[in-house]
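Trainee: Before I ask anything, let me first share the structure, which is written out below as structure tokens.
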Amino acid sequence: MTTRLSSTFANGPALVTFITGGDPTPDATGAILDALVEGGADVIELGMPFTDPMADGPAIQAANLRSLGAGTTTADIFRIAAAFRARHPEVPLVLMGYANPMITRGPEWFAGECAKAGVDGVICVDIPPEEDPELGPALRAAGVSLIRLATPTTDAARLPAVLEGSSGFLYYVSVAGITGLQQAAQTSIDEAVARLKDKATIPVAVGFGVRTPEQAAAIAKVADGVVVGSALVDLVGKHGAAAAGPVGELTRALAQAVHSAR
Amino acid sequence: MTAIPTANSYRNQPDERGHFGQFGGRYVAETLMPLILELEREYGKAKADPSFKAEFDDLLEHYVGRPSPLYFAPRLTEELAKSAQPGMGAQVWFKRDELNHTGAHKINNCIGQILLAIRMGKTRIIAETGAGQHGVATATVCARFGLPCTVFMGATDVARQAPNVFRMKLLGAEVRPVTAGAATLKDAMNEALRDWVANVHDTFYIIGTAAGPHPYPELVRDFQSVIGKEARAQMLSRTGRLPDLLVAAIGGGSNAIGLFHPFLDDPSVKMLGVEAAGHGLDKEHAASLAGGRPGILHGNKTYLLQDDDGQIVEGHSISAGLDYPGIGPEHAWLKETGRVDYTSVTDTEALDAFQLLCRTEGIIPALEPAHAIAAVKKVAPTLPKDTIVLANLCGRGDKDIFSVAEHLGVTL
Ligand SMILES: Cc1ncc(COP(=O)(O)O)c(C=O)c1O
């Protein structure tokens with residue numbers, strides 16, 4: 001089945017960009033998302049803020065707190081998503097976040113809202129394959145991709161379980177750690193991506209610790225996608241509601257680097 | 001006593017997926033999943049290994065000071081009976097886990113977990129702590145076994161529990177203040193999980209309560225069950241019968257499940273878990289069963305204090321050890337099955353009970369078991385005279401004298 005995600009990855013290595021929804025305010029997010037698209041981002045990850053972002057480093061933790069401090073609700077996130085979909089009918093949009101806000105009104109409710117808002121996929125940090133019934137069936141029934149994470153600790157024995165029931169793309173977390181801190185050695189990324197692509201029938205994107213166009217270019221040589229988050233979120237932290245300009249600039253440089261591998 | 005068929009037992013949880021009914025589970029990042037599975041396998045092997053149990057028992061006896069006494073509290077019993085109708089006013093007994101080395105039940109669990117860490121070849125220990133009791137117990141076992149120890153503690157708690165911070169440092173641990181969020185126990189646990197994800201290869205996370213991803217709720221319960229096993233045998237040998245009501249305070253629920261679990265299949269034994277009602281259930285509190293609903297946090301599904309969007313709400317309790325917006329998943333399940341009753345008491349009620357125990361029995365309790373004592377104070381007068389109420393005196397109050405003084409308006 002052709003989806004926005006599959007046709008995007010079919011064009012060659014894609015730049016996947018993450019920002020936290022509602023940071024610095026729900027009203028400011030739309031312009032920042034537009035800057036990502038105009039800068040050349042191929043897939044948009046919209047972070048759902050959570051009080052306890054256990055897998056995130058200081059940059060994204062702070063973004064979560066700024067967003068919640070501005071009063072961002074789940075309804076705001078879906079409003080932002082639906083408005084984005086109306087402005088950008090072709091750009092894949094993925095929600096990323098933690099389990100509790102996703103399941104709190106029931107997984108069917110959440111999956112239904114995703115479908116209504118034109119969300120293509122969901123990345124949930126703290127629902128591993130072992131707990132798939134919590135969210136996976138509802139998303140699949142609603143036609144929304146469940147995008148799972150693979151990590152340096154995902155060995156060959158686990159990989160089939162991770163791939164089973166996931167779609168859209170596989171998100172390879174290149175470091176055992178939290179977002180925004182260390183950077184993985186390129187050789188370890190090369191090896192891991194080769195191992196994953198050998199088994200995966202969906203595209204493999206690499207993220208965590210990717211900040212610069214140089215890193216992005218190197219990863220794009222081997223992977224189907226490069227995910228950049230904290231570096232962009234840092235710009236939102238620094239420039240607040242005026243972040244669209246600087247965010248667009250960094251995105252342009254990253255997109256050029258990633259697309260040069262096409 | 002008739003044996004209950006295993007199919008109807010309350011003591012065979014969790015299932016093979018780590019679920020207690022709809023609760024529990026393993027809601028962790030993929031990075032941690034292989035480690036959690038390895039821990040489950042290793043714990044399974046340890047349970048079947050007589051030398052593991054022998055070493056655990058030996059350390060509990062000679063290092064921790066077990067068995068802890070079972071104590072009948074005559075003057076508290078008498079005091080509470082004063083307000084009772086004729087013929088009423090239950091006997092109050094205590095399981096004296098405050099006499100353990102380091103002053104609380106926390107050490108039982110730390111001994112078990114550090115033995116597991118060593119079996120797994122881990123060389124570095126991390127822990128979260130609220131009141132500092134679990135941090136002190138972890139620092140203690142790390143010193144005993146010569147392993148480096150990092151304790152994550154909310155900056156707010158670092159300030160209000162200074163003596164325990166110093167104790168941990170004396171024991172050689174590094175204390176890392178956590179400034180995120182409200183800078184209390186929940187944030188310390190987030191930070192410990194972040195450290196763990198980044199150091200899975202060499203680090204063992206000693207979780208301090210019967211919560212977190214499977215198999216933690218199960219193994220913490222098993223290690224703490226020494227409390228209930230001893231109490232059951234002691235009560236039978238002292239009185240020839242079982243207690244009628246067990247009472248325990250609940251933060252994450254480890255001292256409570258440790259007391260309750262060995263009695264769960266004794267139908268005559270009722271149980272009461274006591275949550276912290278803080279300023280009152282209609283205000284700020286830490287009673288997740290009374291004021292929360294099911295959700296997912298810190299690796300397990302359980303009752304959580306949260307808003308409509310599933311954002312976690314900060315707890316409040318005078319007791320730093322109860323100041324947590326969740327509860328162990330087995331308690332969530334025991335509540336839903338109706339096997340255990342749960343209630344809550346306020347800061348003020350706990351402070352009153354704290355002073356009552358000091359004056360009637362010459363025992364200064366920690367503020368956590370002061371909550372259990374406050375519940376006993378309410379329930380004992382409503383029960384017949386020959387009824388036996390057994391409360392878990394799970395910690396001593398040395399750590400709390402500064403904050404109690406402050407609440408009583410005394411400058412030290
Ligand atoms: C003495 C004491 N009791 C109880 C608790 C609460 O934990 P739990 O509910 O796991 O027993 C603590 C936690 O710090 C404690 O120090």
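The values are calculated or read from the model by the stated rules, or taken from the named source; none is laboratory data. This one's a predicted model, so the numbers in the text were calculated from it and none came from an experiment. So basically every Cβ, Gly included, is an ideal-geometry build from the backbone, and we count neighbours across all protein chains shown. SASA here: full protein model, heavy atoms, side chains in, ligands and nucleic acids out. Shrake-Rupley method; radii C 1.70, N 1.55, O 1.52, S 1.80 Å.
Trainee: Identify, by number, the condition in (1) in a strand (DSSP E or B); (2) within 12 Å of chain B (Cβ to nearest Cβ); (3) open to solvent by 10 Å² or more (accessible area, probe 1.4 Å) that A:Met96 doesn't meet.
Mentor: Condition not satisfied by A:Met96: (2).
Trainee: Do the conditions hold for B:Thr129, that is, is it in contact with a strand residue (DSSP E or B) (Cβ under 9 Å, 6 or more places away or on another chain), within 14 Å of chain A (Cβ to nearest Cβ), within 12 Å of the ligand (Cβ to nearest atom) and closer than 16 Å to B:Lys399 by Cβ?
Mentor: Judged against the criteria, B:Thr129 is not a match.
Trainee: May I pose another question? I want to confirm something. Restricting to the stretch B:195-229 and keeping residues that are within 13 Å of the ligand (Cβ to nearest atom) and among the aromatic types (Phe, Trp, Tyr), which single residue is nearest to the other protein chains (Cβ to nearest Cβ)?
Mentor: B:Tyr216
Trainee: Which condition breaks for B:Ala366 when tested against (1) of a type in the set (Gly, Ala, Ser); (2) touching a helix residue (DSSP H, G or I) at 6+ places or on another chain (Cβ under 7 Å); (3) within 30 Å of A:Ile127 (Cα to Cα)?
Mentor: Condition (3) is where B:Ala366 drops out.
Trainee: Of the residues that make up the stretch A:63-75, is at least one within 22 Å of A:Phe169 (Cβ to Cβ) and either surrounded by 24 or more Cβ atoms within 10 Å (Cβ to Cβ) or within 14 Å of another protein chain (Cβ to nearest Cβ) (or both)?
Mentor: Looking only at the stretch A:63-75, we keep the residues that are within 22 Å of A:Phe169 (Cβ to Cβ), and these are none.
No, every residue in the stretch A:63-75 fails to be within 22 Å of A:Phe169 (Cβ to Cβ) and either surrounded by 24 or more Cβ atoms within 10 Å (Cβ to Cβ) or within 14 Å of another protein chain (Cβ to nearest Cβ) (or both).
Trainee: I'd like the full set of residues that are over 15 Å from A:Ala220 (Cβ atoms), part of a loop (DSSP other than H, G, I, E, B) and open to solvent by less than 10 Å² (accessible area, probe 1.4 Å), limited to the stretch A:164-208.
Mentor: Scanning the stretch A:164-208 gives a single hit, A:Gly177.
Trainee: Kindly check whether there is at least one residue in the stretch B:281-292 that is within 14 Å of the ligand (Cβ to nearest atom), assigned to a helix (DSSP H, G or I) and within 14 Å of chain A (Cβ to nearest Cβ).
Mentor: There is at least one residue in the stretch B:281-292 that is within 14 Å of the ligand (Cβ to nearest atom), assigned to a helix (DSSP H, G or I) and within 14 Å of chain A (Cβ to nearest Cβ).
Residues checked against (1) among the acidic types (Asp, Glu); (2) more than 14 Å from the ligand (Cβ to nearest atom); (3) open to solvent by 20 Å² or more (accessible area, probe 1.4 Å); (4) in contact (Cβ under 8 Å) with a residue 60 or more places away in the chain:
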{"residue": "B:Ala233", "(1), (2), (3), (4)": "no, yes, yes, no"}
{"residue": "B:Asp244", "(1), (2), (3), (4)": "yes, yes, yes, yes"}
{"residue": "B:Ile250", "(1), (2), (3), (4)": "no, no, no, yes"}
{"residue": "B:Ala256", "(1), (2), (3), (4)": "no, no, no, yes"}
{"residue": "B:Leu259", "(1), (2), (3), (4)": "no, no, no, yes"}
{"residue": "B:Leu264", "(1), (2), (3), (4)": "no, yes, no, yes"}
{"residue": "B:Val274", "(1), (2), (3), (4)": "no, no, no, yes"}
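Trainee: Same structure, new question: Kindly establish whether A:Pro133 is at pLDDT 95 or above, more than 12 Å from chain B (Cβ to nearest Cβ), open to solvent by 20 Å² or more (accessible area, probe 1.4 Å) and more than 25 Å from A:Thr212 (Cα to Cα).
Mentor: no
Trainee: Can I ask one more? Looking at A:Ser67, A:Ser7, can you tell me which residue is more than 16 Å from the chain's Cα centre (by Cα) and over 28 Å from B:Glu314 (Cα atoms)?
Mentor: A:Ser7
Trainee: Out of the residues in the stretch B:27-53 that are under 13 Å from B:Gly112 (Cα atoms) and open to solvent by 50 Å² or more (accessible area, probe 1.4 Å), which is nearest to the other protein chains (Cβ to nearest Cβ)?
Mentor: Ranking the qualifying residues of the stretch B:27-53, first place goes to B:Lys47.
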